Amino acid sequence: MGYVNADGIKLFYVEAQGASVKADATPVIFVHEFAGDHRSWEPQLRFFSRLRRAIAYNARGYPPSDVPPDPSSYSQEIVADDIGLVLDELNIEQAHVVGLSMGGFATLHFGLRQPERARSLVVAGCGYGAERTSRQAFLNEVESIAAAYDAEGSAVVAESYGRGATRVQFENKDPRGWREFMNQLAEHSAVGAAATMRGYLKTRPSLYDLEDQLRALTVPTLVVTGDEDEPCLEPDLYLKRTIPSAGLWVIPRGGHTINLEEPEAFNRGVAEFHAAVEAGAWGMRDPRSLGSALASKS
């Protein structure tokens, strides 16, 4: 564990690597969601450190990382570029990048901005707020949550935020793990959470406004969602249909916090994806799959 310098902002990170990991194994870096931090990736750090160097870090605004108070320090571009700055500080040229929710957006944008640095992308739980028809409602909700952090603090907000419609799946399946997640959420910086809401979530572009860039993305990409993560289902179908290198994995009876809710399935699926990428078996979508379901006559 330690700190890296991201253009003057200190970001806290942890890493693990098993003794038998090959020196040439591509590292993996995990990018957390709004309600998480590096601790949210503990099941993944324990699993993937057996296979490769595994890193997780706290985004800006999440102690012990620095907490800039100005929302302008939290834009989509800044947060995505932080991934590359962490890799730079750790002397990693290229990595598998795995992100959930807010971290999934950052992972996707990192792939768009610095595709040569990403061996692959896992974009999980990504899409909330992207739908144009509900865009204003999303923006209103973000500001409302930010204001609650200002007025009530993290412990109070955690008790409602962690019980949202896409979190109850985790609570029902694993109440002990969910309570640990809730306790960690309550420890977050209210200043950092509000600034993240206003500077990052409220200003990030809709996925549907990125169509040209997404159609040009060729980094191997796995889009992951739970089938009960309703705000992400349609946007993730859109990502699958738009990114030529994308596969879509839908986990049954799954909510939003999918890496903690279904850690064994998540780890196994992501590891299989990484193996396919490294074997050269994850190519572009065959354009014939976009045609008629009936075989064409020749």
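The values are calculated or read from the model by the stated rules, or taken from the named source; none is laboratory data. Computed from a predicted model, the values in this text were never measured in an experiment. In this analysis, Cβ positions are derived from the backbone assuming ideal geometry, glycine residues included, and neighbour counts consider all displayed protein chains.
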Taking the stretch 106-134 and keeping only residues that are within 13 Å of Pro231 (Cβ to Cβ) and not charged (D, E, K, R), one is left with Gly125, Cys126, Gly127, Tyr128, Gly129, Ala130, Thr133, Ser134
Which one of these does Arg119 not meet: (1) surrounded by fewer than 21 Cβ atoms within 10 Å (Cβ to Cβ); (2) assigned to a helix (DSSP H, G or I)? (2)
Answer residue from the stretch 33-56, given it is aromatic (Phe, Trp, Tyr) and either over 13 Å from the mean Cα position of the chain (by Cα) or part of a strand (DSSP E or B) (or both) and is surrounded by the fewest Cβ atoms within 10 Å (Cβ to Cβ) among those: Phe47
Sort out which residues of the stretch 85-101 are surrounded by 19 or more Cβ atoms within 10 Å (Cβ to Cβ) and either touching a helix residue (DSSP H, G or I) at 6+ places or on another chain (Cβ under 7 Å) or assigned to a strand (DSSP E or B) (or both), and write them in order of number. Leu87, Ala95, His96, Val97, Val98, Gly99, Leu100
Answer residue from the stretch 45-76, given it is in contact with a Pro (Cβ under 7 Å, 6 or more places away or on another chain) and among the basic types (Lys, Arg) and is farthest from Leu260 (Cα to Cα) among those: Arg60
Residue list for the stretch 252-298, filter: of a type outside the set (A, V, I, L, M, F, W, C), at pLDDT below 95 and assigned to a helix (DSSP H, G or I): Pro287, Arg288, Ser289
Take the residues in the stretch 227-251 that are in a loop (DSSP other than H, G, I, E, B) and more than 16 Å from the chain's Cα centre (by Cα); name whichever of them is surrounded by the fewest Cβ atoms within 10 Å (Cβ to Cβ). Asp227
Looking at the stretch 63-84 only, could you name the residues that are over 21 Å from Cys126 (Cα atoms), hydroxyl-bearing (Ser, Thr, Tyr) and in a helix (DSSP H, G or I)? Ser72, Ser73
Members of the stretch 42-72 that are among the hydrophobic types (A, V, I, L, M, F, W, C) and within 19 Å of Lys22 (Cβ to Cβ): Leu45, Phe47, Phe48, Leu51, Ala54, Ile55
